[in-house]
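Worksheet: the structure to be examined is printed underneath.
The values are calculated or read from the model by the stated rules, or taken from the named source; none is laboratory data. Because the structure is predicted, anything quoted here is derived from the model rather than measured. When we count neighbours, we look across all protein chains shown, and the Cβ atoms used for this are built from the backbone with ideal geometry, even at glycine. Quick note on the areas: whole protein, heavy atoms, side chains included, nothing else; ligands and nucleic acids left out. Shrake-Rupley method; radii C 1.70, N 1.55, O 1.52, S 1.80 Å.
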Amino acid sequence: MSLDSIICHESAALGFPAVGFAAVGPCQTFDRFENWLSRGYAVGMDYLARNVEWRSHPGLVAPEAKSVIVVAARYTAEPAGVSFSNYCRGRDYHAVLRSRLKRLAQTLSAAVLPAPFVCRICVDSAPVLEREWAVRAGLGWIGKQGSLVNPEWGCALFLGELFVNLELPPSMPVQSNCGNCRRCVDACPTGAIQPDGFVDARRCITYLTIEHKGAIPEDLRPFMGTSLFGCDRCTAACPYNRAGGEGILPEFNPAGPPMPTAEQCLAMDDNDFQQRFRGTAVYRSGLERLKRNAAVAIANRALSRSR
Ligand code: B12
Ligand code: SF4
Ligand code: SF4
């Protein structure tokens, strides 16, 4: 079997419904990233403004890499009627994708023997423009809300990469197919999605509930509704998302213990928080922010009842 067939076969066996390859080279949209930063859209995510030029070429983070293997893992896009985004309602995707990519790397290492195999795994863990690499590896196109949209699976996807010292045949690019649709743009309550496709994180509920430190700006609180962690609105709106659970990894299966209500979050102590959220994406953000979000959600609910 050829190396690319081995990778495709093994990726599917590891539960990645989409995989593709791109040759390592300069990033094509680094200027877009710099433009996004210069407009202040990264707001309190200081780590994005550090070592900015590293994102301009993967060779700076993985010097021996010749190709990048990009995989996508599916999570559910179906509205669940809870205030936690679907993407955090299972195990932390960083750990889940990383451990499966390690297995893919082991398979590859054995397949290329006796040649040396060098690789770097990335799941939002290195200064890499992951969406650009997903487009270049033929996994889909950038939708109007800024997400990678796969024609078969939609946009409720996590991305992960393996930078490898192997020459792999680059995948065919996929043509953008949003057409006149603008459901995601219309679904965004805060106007965070700009006409040129940038997301102004200062107005994005995902940023505000997960990354933002300190109080939520008062003018944006009403738009959060009852959101406690993340926001699915622009993802869930996309007609390319597939119904049903096909291809969703068991770790991301939302049929786990019920998510707490805003009142239950407010009543949590550190111990309760650790018990409920250790190993999930919520854990990274901490109890203090969750309680802050819960207070906003409760106030919003009270306000909407009194109207
Ligand atoms: C910072 C960040 C955020 C910020 C800012 C988001 C943003 N749109 O910029 C906040 C906190 C708001 C956020 C929110 C979410 N995020 Co986020 N986030 C990131 C992170 C760490 C960096 C993104 C970044 O650099 N943004 C700056 C902008 C300018 O870059 P960009 O969005 O990557 O856009 C590039 C492409 O669009 C490219 N491009 C545009 N057109 C074209 C055309 C071609 C041909 C090519 C080649 C490239 C290209 O140009 C841009 C610059 O390179 C990445 C992980 C990573 N290291 O890449 C995850 C990541 C983008 N996030 C992800 C997810 C899942 C989300 C949420 C859905 C989570 C949620 N449910 O709450 C939301 C979606 C919000 C949205 N509409 O984007 C996934 C995306 C999966 C996907 N299907 O695209 C990533 C890749 C993490 C992962 N490993 O899975 N996120
Ligand atoms: S995640 Fe929510 S707030 Fe952010 S761009 Fe999408 S719809 Fe708007
Ligand atoms: S909702 Fe429509 S415009 Fe937005 S990404 Fe999906 S197809 Fe494109």
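Structure notes:
- Among 47, 207, 240: highest mean-square fluctuation, GNM of the chain, C-alpha pairs under 10 Å: 47
- Partner lysines for residue 66 [C-alpha distance under 25 Å; skip if fewer than 8 residues away on the same chain]: 102
- Taking the Cα centre of the chain as reference, the dipole from Cβ charges on Lys and Arg (+1) and Asp and Glu (-1) amounts to some 580 debye.
- Remark: the chain projects, on average over all directions, an area of 16.6 nm² (convex hull of Cα atoms).
- Taking 18 Å as the cut-off, the amide N atoms of region 57-81 that come nearer than this to a point 7 Å along the Cα-to-beta-carbon line of residue 28 belong to 57-59, 67-71.
- Working note: 222 nm ellipticity from helices only, DSSP H runs with n ≥ 4, each -39,500 (n - 2.57), summed and divided by the residues of the chain, gives -9000 deg cm²/dmol to the nearest 500.
- Surface composition of the chain: carbon and sulfur atoms hold 53% of the protein heavy-atom accessible area at a 1.4 Å probe.
- Reachable lysines, given that their alpha-carbon falls under 19 Å from the alpha-carbon of residue 291 and they are not under 8 places away in the same chain: 213
- FRET efficiency, residue 306 to residue 215 (Cβ-Cβ, R0 25 Å, nearest 0.05): 0.65
- Percent RCO, i.e. relative contact order, over the chain, from Cα pairs under 8 Å lying at least 6 residues apart: 25 percent
- Result for the chain in a Gaussian network model with C-alpha springs under 10 Å: among 218, 288, 263, the largest mean-square fluctuation is at 218.
- A 1.4 Å probe run over the chain, with the rest of the protein chains in place, finds 48 Å² accessible per residue.
- Residue 186/residue 60 FRET efficiency (R0 45 Å; Cβ-Cβ; nearest 0.05): 0.70
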